[in-house]
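These notes are about the structure you will find just below.
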Amino acid sequence: MMFWFFQQRDAFMSQRCMEKWSRDRLDDYVLLPAMPGFVTRNNSFFVSHFWRTRDDPDPGGEYLRLHQSQLKGQEWQYIWVDWTCMPQSPRSRREQAYFNTCLRTMSGIIRNCGFIYFYPPFEARLWILYEITEYVLTCDGGVASIKTPDVEPFLDHVDEMLKVGVQTTLEKHGYRCSYDGDRQYLMSWLELIVLLKQLHFDTDFIRKIMDHLTWIKTGVQLYSGVPVVHLQRFEGILVVDGKVHTFTPFPPLGQ
């Protein structure tokens, strides 16, 4: 059983800067099972944010205060911020293993939580584009529910990926990622979810496939019905009624 650390409302609303994850402040958290149904949009938020520096995403607390102001009047219980809810460097061996598992299952948090953000002037950050894409392409009405001027460039690029493809869009706008390993991982998720949308699958079926990718470790998934869908994640192959489509293969588990 995998569990996520979510920060409790009182802890988030009382802090002056985004708190770094710490094993010494466990009372600030609740542990929620990393399974469908335990994290929902009516009680949990996912925070999408730029990292302002490598050592601290929001050193002065500017964006924290914006989030606190927006969330103050809403009803919710738990919030997930990567800096606060995942072990940060330096990590012990066990913390690194947990961190890696969090990366593999973060898509489940994005799909099932409320989505909150404040972005500075546009920068082509690949993690941000992925987080927005995961959210808006796996929930009906997702674009309309989060559309503000600071997110519009990313939403435009989601539309562009659907028209011309992921790699063409990323190269055109110079999307970057600090770590090569993250880039490979994000390319797989982006290319597959965009491909599913291009093939006009409905939102429920896209969520079903993405949930299976998140929770099931097998490399092959078969969906009988109309159409028949066969997914091989580690080979980067999606077969729909006998027609083969390709995407960047997912890295083997543990890498």
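A single member of E95, E131 is assigned by TED's automatic domain parsing to the domain that holds I209 and not hydroxyl-bearing (S, T, Y), and it is E131. R183 passes every criterion in (1) surrounded by 15 or more Cβ atoms within 10 Å (Cβ to Cβ); (2) at pLDDT 95 or above apart from (2). Being over 19 Å from the mean Cα position of the chain (by Cα), surrounded by fewer than 19 Cβ atoms within 10 Å (Cβ to Cβ) and over 24 Å from F154 (Cβ atoms), is that true of even one residue in segment 30-38? Yes, there is a match, as at least one residue in segment 30-38 is over 19 Å from the mean Cα position of the chain (by Cα), surrounded by fewer than 19 Cβ atoms within 10 Å (Cβ to Cβ) and over 24 Å from F154 (Cβ atoms).
Of all residues in segment 192-211, at least one satisfies being in contact with a Phe, Trp or Tyr (Cβ under 6 Å, 6 or more places away or on another chain), among the aliphatic types (A, V, I, L, M) and either under 15 Å from R233 (Cα atoms) or surrounded by fewer than 14 Cβ atoms within 10 Å (Cβ to Cβ) (or both).
Here segment 111-131 is the region considered, the condition is being in a helix (DSSP H, G or I) and modelled with pLDDT of 95 or more, and the residue that is nearest to E191 (Cα to Cα) is Y130. Quick test for you: out of Q74, Q68, pick the one residue that is over 19 Å from the mean Cα position of the chain (by Cα), in a helix (DSSP H, G or I) and not aromatic (F, W, Y). Going through Q74, Q68 in turn, just one is over 19 Å from the mean Cα position of the chain (by Cα), in a helix (DSSP H, G or I) and not aromatic (F, W, Y): Q68. Just the residues that are more than 20 Å from I132 (Cα to Cα) and in a helix (DSSP H, G or I), please, taken from segment 33-65. The answer is E62, R65.
Within this structure, H245 fails the test of being modelled with pLDDT of 95 or more, outside any loop (DSSP other than H, G, I, E, B) and within 24 Å of Y119 (Cα to Cα).
Selection of first residues in segment 91-118 that are more than 20 Å from M210 (Cβ to Cβ) and of second residues that are among the basic types (K, R) and in a helix (DSSP H, G or I), restricted to Cβ pairs under 9 Å at least 6 apart or on distinct chains, gives the following pairs, ordered by first then second residue: E95/R23. Listed conditions (1) touching a residue at least 40 places away in the same chain (Cβ under 8 Å); (2) at positive phi are all met by R207, apart from (2).
The values are calculated or read from the model by the stated rules, or taken from the named source; none is laboratory data. Please read all numbers here as calculations on a predicted model, not as lab measurements. Counting neighbours? That spans all protein chains shown, and the Cβs are built from the backbone with ideal geometry, glycine included.
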